[in-house]
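Visitor: This is the structure I want to talk about, given as structure tokens.
The values are calculated or read from the model by the stated rules, or taken from the named source; none is laboratory data. Everything numeric in this text was worked out from a predicted model, so none of it was measured. Using ideal geometry, Cβ is built from the backbone for each residue, glycine included, and neighbour counts are taken over all protein chains shown. With ligands, DNA and RNA removed, areas are computed over all heavy atoms of the protein, side chains included. Shrake-Rupley method; radii C 1.70, N 1.55, O 1.52, S 1.80 Å.
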Amino acid sequence: MRETVLFILLTGVIAIARADDCRALNFGHGSVVCLCNATYCDSVGRTGLPYPGQFLSYVSSKAGSRLVKSRGQFQKNSTGAALRITLNPSQKYQRIKGFGGAMTDAAAMNILSLSSGAQDQLLRQYFSPDGIEYRFVRVPMASCDFSTRLYTYADTPDDYSLQNFTLTEEDIHMKIPLLQRAQALSAQPLNLFASAWSGPAWLKTNGALIGKGSLKGKPGGKEHKTWAQYYIRFLEEYGKYNLSFWGLTSGNEPTAGEMTNYSFQALGFTPETQRNWIALDLGPGLHSSSFPQTRLMILDDNRLLLPHWAKVVLSDVQAARYVHGIGFHWYLNNLAPPDFTLTATHHLYPEYFLFATEACSGWNPLDRGVRLGSWDRAEDYAHDIIQDLNNYVTGWTDWNLALNQDGGPNWVKNFVDSPIIVDPSKDVFYKQPTFYSMAHFSKFLWEGSQRVGVSYSQHTSMEISVYIRPDASAVLIVLNRSEEEMQFEVWDQTLGFLSERAPAHSILTLLWSRR
């Protein structure tokens, strides 16, 4: 990788052009984005293992590095660094499932607004072996706020047998073709999981897709049975396009539908009504359908609701037998320490996996929308992922795969940020710092990687997580949010010591073979 940097003035933006790397643009938000078009995009490429006794280092930083690769050698003796990080592989924790993002209507529209060449380039960045190798895609069932209109798949009143259930243009001409293309690029089967925002208006107490409303009737009744069958019909219809689903959630943000005047699509459940609906309707419906192996995640709402929500649902034997995992969102995380929520839930119910199902930057009213080049947001992602993984979480899913420069489209103007921002007028897309933040995890933590113990010779402000992959290699991820470069050494008793430094405001992934 060439280190020569050439400064060019381009449409009022300082561009840093590297011959074979990120074509960097600075929009004044703390760091740079990487410019991609139909013919060029930087890529991390395929990451083979280094030779025995060597290690690979990948660094991204506020200063502008983007997955910059270097190589080093293990030493037999300590380097004398003040901070020693010691691997404890005998301490074994959860195994990783993977990372990904969501194919919303808005994401699909934005990707399809580019030329076919640029579309392919964007999809390769996420899903191909040369890209960051997402394994998970969340798929909204019908409309959500990141749609341009309100709809469900069963808008014909009183259609309890769902005879008029039908996918829409957004599915058939947008999301499905893109998911098929993503799958074709991926070296492994993609794990799709679906979440519904609202049931049809005629099934709901408020007669509308938005606002405060829940299902009419009671669990076990016809409305709840119809809503369970709606999920199964969705799986059947997508199956006709050779798209199968790894999992489902029991419904996006069930607490939103309990809020008066909630502004977009929602369906209210309490933990008690969700428990009963799963026990009496959704669980038995899935079990007797063609999709009994589909994994069901409860909650799909903010983690501060844990462990209470899990206790209510999973303490019921009839509901718990149909549940596989617990999905949660990252909003309001500062109100809920991860050991009180995630670790506490894991220790109560260790057989159910924890999985982060939604996160995005730019949702906070005080810091709303797109910030091209924001390094703070990259650090927010890495901090949250490390915190989650160090508290028994098995995977982490970003929200929209791509948005426009406004942070939409979104029919209720709930604009947020995304790791890829599209500018169709120039037929380009920008890879945000958050894209590279995701890459430091999704590219290196294969499915089946197991978190292991780690100890420190002294206190450090760096945030660290360590894994042993199925190929017996080690992955160590470091987030340095400080203004100072941090020197440290890593001790792996099978190999010796490696010496490394984490630049100020950087994310670092180290990889080595332990064989």
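Visitor: Counting only DSSP beta bridges with both residues in the chain, tell me the antiparallel percent, nearest 5. Show your work: numbers first, answer last.
Guide: On the way: 64 of 101 bridges.
Antiparallel: roughly 65 percent of the beta bridges in the chain.
Visitor: Please list, in order along the range 373-386, the HN-Hα scalar couplings obtained from phi with the Karplus expression 6.51 cos²θ - 1.76 cosθ + 1.60 (θ = phi - 60°), rounded to whole Hz, x for Gly and Pro.
Guide: Taking θ as phi minus 60°, the curve returns x, 5, 6, 3, 6, 4, 5, 4, 4, 4, 4, 5, 5, 4 Hz for the range 373-386.
Visitor: A further question on this structure: Computed FRET efficiency, Cβ-Cβ of THR86 and ASP316, R0 60 Å: what is it to the nearest 0.05? Kindly include the intermediate steps, with their values, before the conclusion.
Guide: Working: r = 43 Å, r/R0 = 0.71.
Plugging the Cβ-Cβ distance into 1/(1 + (r/R0)^6) gives 0.90.
Visitor: As a test question: what accessible area, to the nearest 10 Å², does SER499 have when a 1.4 Å probe is rolled over all protein chains in place?
Guide: 60 Å²
Visitor: Starting from the residue with the highest accessible area, list SER374, SER161, SER78 in decreasing order, probe 1.4 Å. Let's see the in-between values first.
Guide: On the way: SER374 15, SER161 80, SER78 55 Å².
I get SER161, SER78, SER374, largest accessible area first.
Visitor: Here's a follow-up. Using the structure shown, list the pairs from LYS204/LYS225; LYS62/LYS431; LYS212/LYS413; LYS240/LYS413; LYS69/LYS443; LYS212/LYS240 with a Cα-Cα distance above 25 Å, or answer none. Walk me through the numbers on the way to the answer.
Guide: Working: LYS204/LYS225 13 Å; LYS62/LYS431 14 Å; LYS212/LYS413 19 Å; LYS240/LYS413 33 Å; LYS69/LYS443 13 Å; LYS212/LYS240 34 Å.
Beyond 25 Å between Cα atoms: LYS240/LYS413; LYS212/LYS240.
Visitor: If I measure Cβ to Cβ between cysteines in the chain, which ones have no partner under 4.7 Å?
Guide: Among the cysteines of the chain, those whose Cβ sits 4.7 Å or more from every other are CYS144, CYS360.
Visitor: Using θ = phi - 60° and the Karplus curve 6.51 cos²θ - 1.76 cosθ + 1.60, what whole-Hz ³J(HN,Hα) does each residue of the range 187-200 get, with Gly and Pro shown as x?
Guide: Couplings: 6, 10, x, 6, 9, 8, 9, 10, 9, 9, 8, 8, x, x Hz.
Visitor: Select from the range 443-483 those GluC sites (Glu not before Pro) which occupy a DSSP coil region and have at most 10 other Cβ atoms within 10 Å, ordered by residue number. Please list the in-between numbers first.
Guide: Working: sites: GLU447, GLU463, GLU483; in loops: GLU447, GLU483.
Counting only loop positions with at most 10 other Cβ atoms within 10 Å, the GluC sites (Glu not before Pro) in the range 443-483 are GLU483.
Visitor: Using only helices, what value at 222 nm comes out for the chain when you add -39,500 (n - 2.57) per DSSP H run of length 4 or more and divide by the total residues, to the nearest 500 deg cm²/dmol? Mind showing how you got there, number by number?
Guide: Numbers: 11 runs with 101 residues, N = 515.
Estimated from H runs of four or more residues: -5500 deg cm²/dmol.
Visitor: Which order do you get for ARG71, ARG515, ARG23, ARG138 if you rank them by accessible area with a 1.4 Å probe, largest at the top? Walk me through the intermediate numbers first.
Guide: Values: ARG71 130, ARG515 185, ARG23 95, ARG138 0 Å².
Descending order: ARG515, ARG71, ARG23, ARG138.
Visitor: Moving on to the next point. If you take the square roots of the eigenvalues of the alpha-carbon gyration tensor of the range 184-254 and sort them as a ≥ b ≥ c, do you get rounded (a/c under 1.5), prolate (a/b over b/c) or oblate?
Guide: Values: a/c = 2.87, a/b = 2.20, b/c = 1.31.
Verdict is prolate for the range 184-254.
Visitor: Now, a different point. Quote to one decimal, in nm, the extra length available between GLU485 and ALA38 on full extension: 0.36 nm per residue of separation minus the C-alpha distance between them. All intermediate terms of the calculation are to be shown ahead of the outcome.
Guide: On the way: separation 447, 0.36 × 447 = 160.92 nm, distance 3.67 nm.
In short, 157.2 nm is gained.
Visitor: Keeping all protein chains in the complex and leaving out DNA, RNA and ligands, what accessible area do you get for PHE74 with a 1.4 Å probe, in Å² to the nearest 10?
Guide: Accessible area, nearest 10 Å²: 20 Å².
Visitor: So, one more: MET259: accessible area at probe 1.4 Å, nearest 10 Å²?
Guide: 90 Å²
Visitor: Taking square-rooted eigenvalues a ≥ b ≥ c of the alpha carbon gyration tensor, is the range 386-515 rounded, prolate or oblate, where a/c under 1.5 means rounded and, failing that, a/b exceeding b/c means prolate? Don't jump to the answer; show the numbers that get you there.
Guide: Values: a/c = 2.43, a/b = 1.97, b/c = 1.24.
Taking the square roots of the gyration eigenvalues as a ≥ b ≥ c, the range 386-515 is prolate.
Visitor: Shape verdict for the range 265-336, please, from the Cα gyration tensor: rounded (a/c under 1.5), prolate (a/b greater than b/c) or oblate. Numbers along the way, then the final one.
Guide: Values: a/c = 2.03, a/b = 1.81, b/c = 1.12.
Because a/c hits 1.5 or more and a/b exceeds b/c, the range 265-336 counts as prolate.
Visitor: How much accessible area per residue does the chain have, counting only protein heavy atoms and a probe of 1.4 Å, in square angstrom? It would help to have the intermediate numbers written out before the result.
Guide: On the way: 19260 Å² over 515 residues.
Per residue, the chain has 37 Å² of solvent-accessible surface.
Visitor: Could I have the simple spin-label model distance between ASN77 and LEU335, label points 7 Å from Cα toward Cβ, reported in nm to one decimal?
Guide: Once both label points are built, they end up 5.6 nm from each other.
Visitor: Mind listing which GluC sites (Glu not before Pro) in the range 348-405 are in a DSSP loop and have 12 or fewer other Cβ atoms within 10 Å?
Guide: Working: sites: GLU351, GLU358, GLU379; in loops: GLU351.
Counting only loop positions with at most 12 other Cβ atoms within 10 Å, the GluC sites (Glu not before Pro) in the range 348-405 are GLU351.
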